[in-house]
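The values are calculated or read from the model by the stated rules, or taken from the named source; none is laboratory data. Model, not experiment: these values are computed from the prediction. Every residue, glycine among them, receives a Cβ derived from its backbone with ideal geometry; neighbour counts consider all protein chains shown. Ligands, DNA and RNA are stripped out before the accessible areas are found, and what is left, the full protein with its side chains, is counted by its heavy atoms. Shrake-Rupley method; radii C 1.70, N 1.55, O 1.52, S 1.80 Å.
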Amino acid sequence: MPKVTVDGIELEVPAGATVLQACELAGKEIPRFCYHERLSIAGNCRMCLVEVAPGPPKPQASCALPAAEGQIIKTDSPMVKQAREGVMEFLLINHPLDCPICDQGGECDLQDQSVAYGRGTSRTHEHKRAVTEKYMGPLIKTAMTRCIHCTRCVRFSEEIAGVDEIGALYRGEAMQITTYLERAASHEMSANVIDLCPVGALTSRPYAFEARPWELKKTLSIDVSDACGANIRLDARGREVLRILPRINDDVNEEWISDKARFQVDGLTRRRLDKPWLRKNGKLVAATWDEAFAAIAKVKPGKSIAAVAGDMVDCETMFAAKALLGALGSDLLEGRQTGLDYDCSNLAAVSFNSTFSGIETADAVLIVGSHIRWEAPLVMPRLRKAVKRGAKLFVVGPEWETTVPTMFLGADLSVLDKLPKDVSDALSSAERPAVILGGAGLAKGALGAVVALSAKFKLVRDDWNGFNVLHMAASRMGGLMLGYAQQGGVADLIAAKPKLLLSLGADEVDYAKFADSIIVYVGHHGDKGAHAADVILPAAAFTEKAGTYVNTEGRVQFADKATFAPGDAREDWTILRALADALGVSVGFDSFDALRSAMIKAVPALGVEGLANYGALPKAGKSKASGTIEGYPIKDFYLTNPIARASETMQRCSAELLHGESFAEAAE
């Protein structure tokens, strides 16, 4: 470890560290525009200049200079100060004075650094250059005259997303950043370039001119659009969430989120259920809460009651429903809406055991029945890192664009019983082999065969567990921990013919099979479940309540409440508590804290933030895989849940990016 001196502070830095990283270890702030911790080093902006001895008597770019033994680094000398002022002056020569109308205003790196490191005055009077705007799709708004050519967006697209959609044209002052042929950026993580852009060149199109950052109340939450559990921040003004941004969590989402997680936000205010509804003479009519509860009590279900949980439900809601059914003497609970019926007796066999950060270190990965880019967008960048380190990737299922070198083994699951020799050799010789089983594989009953593979190739070792199941629903692992799983799946509920079916935001169930049941829908959007319901009880969306979520790794995380539910809608647990009174039973809690305490007492792992311990994998039995994977569960990435389906932005993304429809701009 080399020793360096930074402004008189002597310290050791890791081998391979740059001078910029050494300065940060010493507690010094180094301005930068092009440098980013998760991207390759470009050395474009020259804002990170420092003085280094021994070396030439001139400022040097600290981001691209390796730290070496005996270096004396000065970050605040007159030479450095003058150099940074000069760089900032050049950056501002062509930058327009757009701050009053720029959406980046108030959270702009260029604003902040021009105040901290610039001259404060301009010496140029020439006309500024102008650049034509580029069309980057329905999500990204461009103002390329503001671009300072840091190339962060280019490097993100190439290195993280793996899609070469953004690049540079021409040279010198004529250089422009654009999408090739000015087509829309169409990968599922494209909008992260908005966060990366240090100026106002790339901003959010749906959020344009909506609010200033100092107007917004910021709340920490968890994304529920998939099972990754990305850490997010909800920015709300009044009773409306205006935008969703990622939070840094290196173990889960690093600092990225999917486009759906970010832009389904406008769906929170559309198609909302804000009053109870009752079905009378085949039509839904508005009702009061008392009328709705009276209609449910009239059914007198007794033990003949079942509950099915939707994909976006928090653990507290599921536990409250379980307590209600338990008080009535029923244990008919299910969370796998679409009919999956895999064995849930051992949760280690249905969890992503390698963890997201761990899968980066795998050196051979077999994916069975999973379109990872759509089912778990945040896992694909991890797999790209693994492939960059030399890992081999194999896929069983229909072909999809993986963005990395991949061997597809066909869609017939029988290949799992006798893998091709090169695949078998790669898994056998790998120090960290891994298998990822997705929704299509689970639907075809491949779980047993993949457990057998784990034993055959020793996927579980002293410091490594390469057996992974990738879920798609934010509520899935929490539901399994709370017992929302029948041996035969939803089919068991159908066979029981319950008098009353309690639907907790479950919109993917085939309700035609519950024709003899009274369906009570507790949810927040007028989606598929509400259309089939006999009684609708309006509930809160994930932004309108505190809750516990467990992602596909088994990682327990907590979300806070950002806004209040609209109209007469109430938080889910309060609805279930009142429903217990209407049905004449006691559930044992009267407040949210009491509910959470009871839940943690029943399942202690839900009270500890972090990875839950599910124990060891079950022993492999004799199980052969059969059948063909015709397709993947997600047919439209942008419209997978009721919030997204209500979102105008997601509807446009689906129409334009997936189905090729064109939208004329206002001037056209």
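Computed values, structure above
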item	result
Nearby aspartates and glutamates by direct alpha-carbon distance to K499 (threshold 18 angstrom, same-chain neighbours under 8 apart not counted)	D331, E334, D510, D516, D534
Antiparallel content of DSSP bridges confined to the chain, in %, to 5	55
DSSP-loop GluC sites (Glu not before Pro) across the stretch 519-618, with at most 14 other Cβ within 10 angstrom	E609
Qualifying lysines (Cα of each under 23 Å from Cα of K134; at least 8 residues distant if same chain)	K260
For the stretch 41-52, Karplus couplings with θ = phi - 60° (6.51, -1.76, 1.60), whole Hz, Gly/Pro x	7, 10, x, 7, 7, 6, 7, 8, 5, 9, 9, 10
Per residue accessible area of the stretch 107-183, 1.4 Å probe, in Å²	53
Neighbour net charge for T628 - beta-carbon separation under 10 angstrom, K R +1, D E -1	-1
Environment charge of G8, counting only residues whose C-beta is closer than 12 Å and scoring Lys/Arg +1, Asp/Glu -1	-1
Gyration tensor (alpha-carbon) shape descriptor, the stretch 583-631, a/c threshold 1.5	prolate
Note, ³J(HN,Hα) from phi for the stretch 421-433, Karplus 6.51, -1.76, 1.60, rounded to Hz, x at Gly and Pro	4, 5, 5, 4, 5, 5, 5, 5, 8, 5, 6, 9, x
Sparsely packed GluC sites (Glu not before Pro) within the stretch 70-112, loop by DSSP, other Cβ within 10 Å at most 14	E107
Other-chain or far-sequence residues with amide H under 5 Å of I232's (modelled H)	S221, I222, D223, R247
For the stretch 449-515 versus the stretch 407-447, the gap between their alpha-carbon centres in whole angstrom	21
Inter-centroid distance (Cα atoms) of the stretch 577-613 relative to the stretch 132-165, Å	46
Candidate aspartates and glutamates - alpha carbon under 14 Å from K619, same-chain residues fewer than 8 apart omitted	D343
Amide proton proximity set for V460, modelled H, under 5 Å, gap of 5+	G466
Shape call, the stretch 81-230: gyration tensor on alpha carbons, a/c limit 1.5	oblate
Residue pairs, from the table K283/K545; K392/K635; K280/K528; K217/K545, whose Cα atoms sit over 20 Å apart	K283/K545; K392/K635
Sulfur and carbon atoms: percent of accessible area, the chain [1.4 Å]	52
Local electrostatic count, V285, Cβ distance below 11 Å [Lys/Arg +1, Asp/Glu -1]	+3
Average accessible surface area per residue within the stretch 209-366, 1.4 Å rolling probe, Å²	37
Within the stretch 207-238, chymotrypsin sites (Phe, Trp or Tyr not before Pro) in DSSP loop having at most 15 other beta-carbon neighbours inside 10 Å	F209
Inter-site label distance for K217 and E609 at 7 Å from Cα along Cβ, in nm	2.0
Derived scalar couplings ³J(HN,Hα) [the stretch 72-86; Karplus, 6.51 cos²θ - 1.76 cosθ + 1.60; whole Hz; x for Gly, Pro]	10, 10, 10, 9, 9, 6, x, 4, 5, 4, 5, 5, 5, 4, x
Nearest 10 degrees, 0 to 90: helix 447-456 Cα axis against the chain principal axis	60
Tail fraction, Cα-Cα pairs, the stretch 553-634, threshold 19 Å, whole percent	65
Amide H partners (placed H, <5 Å) of R570, local residues excluded	A539, A540
Cα centroid separation - the stretch 199-278 against the stretch 14-69, whole Å	34
222 nm mean residue ellipticity, helices alone, for the chain (DSSP H n ≥ 4; -39,500 (n - 2.57); rounded to 500)	-6500 deg cm²/dmol
